[in-house]
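Q: What follows is a structure written as structure tokens; I'll ask about it next.
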Amino acid sequence: MELVAIFISAVLVQNFVLFYFLGICPFLGVSKKIDSAFSMGLAVTFVMSITAVVSWLINNLILIPYSLEYLQIVSFILVIASLVQLVEMFIRKISPPLYQALGIYLPLITTNCAIMGLALIASLNEYGFVETVIFGFGSGLGFTLAIILMAGIREQLDLADVPEPLKGAGIALIVAGIMALAFNGFIGMLT
Amino acid sequence: MSTKSIGAEYLKGLWDENPVFRQLLGMCPTLAVTGTVITGLAMGLATTFVLIFSSLVVSSIKKLIPAQVRIASYIVVIASFVTIADQFLKAYFYPISKAMGPYVPLIVVNCIILGRQEAFASKNSAGRSLIDALGMSSGFILALLVLSTIREILGAGTFLGYQIMGAWFKPWTIMILPAGAFLTLGVLLGIALAIERKTMRN
């Protein structure tokens, strides 16, 4: 039950984009078409799940036993940067079709604050191993859900009469605000 | 190499190249910590500290860094200063550090900082990079203050914790919620663009 709650919370209630404001850059930048939004969501979910595992191992097997918690920021960011590189090389070797689909989005993920945020929030919440994996996967799904919804709305927005200065980022943020308000309703699911 | 005068180098960060309103950088912290003015200000000052010292270090050692590993090197420099800022806040301003949660360590992935290293500090002298860093941080603090002032006054009726709205005022809870952050920033971006269009035409 605990694990289900963590999963639902990560996908809907404490959505990474709409609650934690993490990953706003790809959320605004890659949400113009549903296809590319889906690929970006897939790439983020993939990297988030792996990051959750690796950052948990580093935190609990190296940093905490040797009282090196103050090195958390430096070690997490270096691990994430090299991890994304490794994942990219690995996918290119193992599955060229998947690489075709995710290719250009993977390098962008290194500088995506959602990945670093995932590692930090999982460690702040003191999740165990299984909880961290569920949290990582759920957060990725939550990001995918938010970015696909956004892309769907923006495809329709192209046809709408938006005031000139609000075109682009302005209206996208206002739409995100209304989405955040709607997602706020999911809080009732956990009480 | 930049050839602007010192004054212009500083001022460009406030408006022409304002990181939030014009370049759309650093959106995550801008949205996340602006529920109250005090956390917004703390984020602005912490980011200023990291940006200034990273720019000084990167511009001083730019000749020693091989081009292939420059991004990784910048990240290590930035992460070190973020760690110092994080530990300092935890030690001396624990309640604020607690209220800001994961967003202090997340300064490390703030694209304003990495962006300035790549676009400016790696190509200019230490003195000029310092001015650029000061200008960009002032622009960032300005954006955080505008957003957090609007959200705190409308959302709680207070400014820096002091009650400033009369008893007739009913706080708009939405401004404290994440939705309020998105809506306010969206409208502000529109206003900034409208002002820009107007001044361009004249």
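The values are calculated or read from the model by the stated rules, or taken from the named source; none is laboratory data. Every value quoted in this text rests on a predicted model; they were computed, and no experiment measured them. Here the Cβ is made from the backbone with ideal geometry for all residues, glycine too, and neighbour counts use every protein chain on show. Quick note on the areas: whole protein, heavy atoms, side chains included, nothing else; ligands and nucleic acids left out. Shrake-Rupley method; radii C 1.70, N 1.55, O 1.52, S 1.80 Å.
Q: Compute, for the protein assembly as shown, the length of the dipole vector about the Cα centre, with Cβ point charges of +1 (Lys, Arg) and -1 (Asp, Glu) only. Units Debye, rounded to 20. Don't skip to the answer; put the middle values down first.
A: Working: 22 positive and 18 negative charges, 177 e Å.
For the protein assembly as shown, the charge dipole is close to 860 debye.
Q: Report the charge-dipole magnitude of the stretch B:1-142 in Debye, nearest 20, computed about the Cα centre from +1 at each Lys and Arg Cβ and -1 at each Asp and Glu Cβ. Can you show the working numbers first?
A: Values: 11 positive and 6 negative charges, 49 e Å.
Around 240 debye, computed over the stretch B:1-142.
Q: What FRET efficiency comes out for the pair B:Lys198/A:Ser82, r = Cβ-Cβ distance, R0 = 45 Å, nearest 0.05?
A: Values: r = 47 Å, r/R0 = 1.05.
Here the calculated transfer efficiency is 0.40.
Q: What is the local net charge at B:Tyr92, summed over the other residues whose Cβ is closer than 13 Å to its Cβ (Lys, Arg +1; Asp, Glu -1)? Please list the in-between numbers first.
A: Details: positive: B:Lys90, B:Lys98; negative: B:Asp86.
Local charge sum for B:Tyr92: +1.
Q: While we're on this one: Roll a 1.4 Å probe over the protein chains and send me the accessible area per residue for the stretch A:8-47 in Å². Write down the numbers at each step before the final one.
A: On the way: 1280 Å² over 40 residues.
For the stretch A:8-47, the solvent-accessible area averages 32 Å² per residue.
Q: A further question on this structure: Between the stretch B:6-45 and the stretch B:108-142, what is the C-alpha centre distance in whole Å?
A: Cα centroid to Cα centroid, the span is 12 Å.
Q: Please work out how much accessible surface B:Val104 shows to a 1.4 Å probe, ignoring ligands, DNA and RNA, in Å² rounded to 10.
A: Its heavy atoms expose roughly 0 Å² to the probe.
Q: Tell me which trypsin sites (Lys or Arg not before Pro) from the stretch B:34-114 have a DSSP coil assignment and no more than 13 other beta carbons within 10 Å of their own.
A: Working: sites: B:Lys62, B:Lys63, B:Arg70, B:Lys90, B:Lys98; in loops: none.
Here no trypsin sites (Lys or Arg not before Pro) fit, given the DSSP loop and packing criteria.
Q: Here is a follow-up. Please report how far the C-alpha centroid of the stretch A:90-167 lies from that of the stretch B:69-88, rounded to the nearest whole angstrom.
A: First find each Cα centre; the distance between them is then 24 Å.
Q: Here's another thing I want to ask about it. Rounded, prolate or oblate, given the Cα gyration tensor of the stretch A:66-191, with a/c below 1.5 counting as rounded? The partial results should precede the final answer.
A: Numbers: a/c = 2.05, a/b = 1.38, b/c = 1.49.
Since a/c reaches 1.5 but b/c is at least a/b, the shape of the stretch A:66-191 is classed as oblate.
Q: So, one more: Give me the percent of accessible area attributable to carbon and sulfur for the stretch B:5-134, probe 1.4 angstrom.
A: Details: 3800 of 5300 Å².
Answer for the stretch B:5-134: carbon and sulfur cover 72 percent of the accessible area.
Q: Filter the chymotrypsin sites (Phe, Trp or Tyr not before Pro) in the stretch A:1-76 down to the DSSP loop ones having no more than 16 other Cβ atoms within 10 Å, then list what survives. Walk me through the intermediate numbers first.
A: Details: sites: A:Phe7, A:Phe16, A:Phe19, A:Tyr20, A:Phe21, A:Phe27, A:Phe38, A:Phe46, A:Trp56, A:Tyr66, A:Tyr70, A:Phe76; in loops: A:Phe16, A:Phe19, A:Tyr20, A:Phe21, A:Tyr66.
For chymotrypsin sites (Phe, Trp or Tyr not before Pro) across the stretch A:1-76 that sit outside H, G, I, E and B with at most 16 neighbouring Cβ atoms in 10 Å, the list reads A:Tyr66.
Q: Amide H to amide H, which residues 5 or more places from B:Phe159 or on other chains are under 5 Å from it, using H placed in the peptide plane?
A: Placed amide hydrogens put B:Ile164 under 5 Å from B:Phe159.
Q: Counting Lys and Arg as +1 and Asp and Glu as -1, each charge on the Cβ, what is the dipole of chain A about the Cα centre in debye, to the nearest 20? Show your work: numbers first, answer last.
A: Values: 6 positive and 10 negative charges, 73 e Å.
Charge dipole of chain A: 340 debye, to the nearest 20.
Q: So what is the relative contact order for the stretch A:37-191, in percent, with contacts set as C-alpha pairs under 8 Å and at least six apart?
A: On the way: 113 pairs, mean separation 61.4, N = 155.
Across the stretch A:37-191, relative contact order equals 40 percent.
Q: Send over the Kirkwood Rh of the stretch B:45-202, from the inverse of the averaged 1/r over different Cα pairs, rounded to one decimal Å. Walk me through the numbers on the way to the answer.
A: Values: mean 1/r = 0.0559 Å⁻¹.
Hydrodynamic radius (Kirkwood, Cα pairs) of the stretch B:45-202 is 17.9 Å.
Q: Right, another one. How far, in nm, would the chain grow between B:Leu145 and B:Leu64 when pulled straight, counting 0.36 nm per residue and subtracting the alpha carbon separation? Write out the running numbers ahead of the final one.
A: Numbers: separation 81, 0.36 × 81 = 29.16 nm, distance 3.77 nm.
Answer, rounded to one decimal: 25.4 nm.
Q: Here's something else I'd like to know. Would you mind checking the radius of gyration and Dmax of the stretch B:127-197 based on alpha-carbon positions, in Å?
A: 15.3, 52
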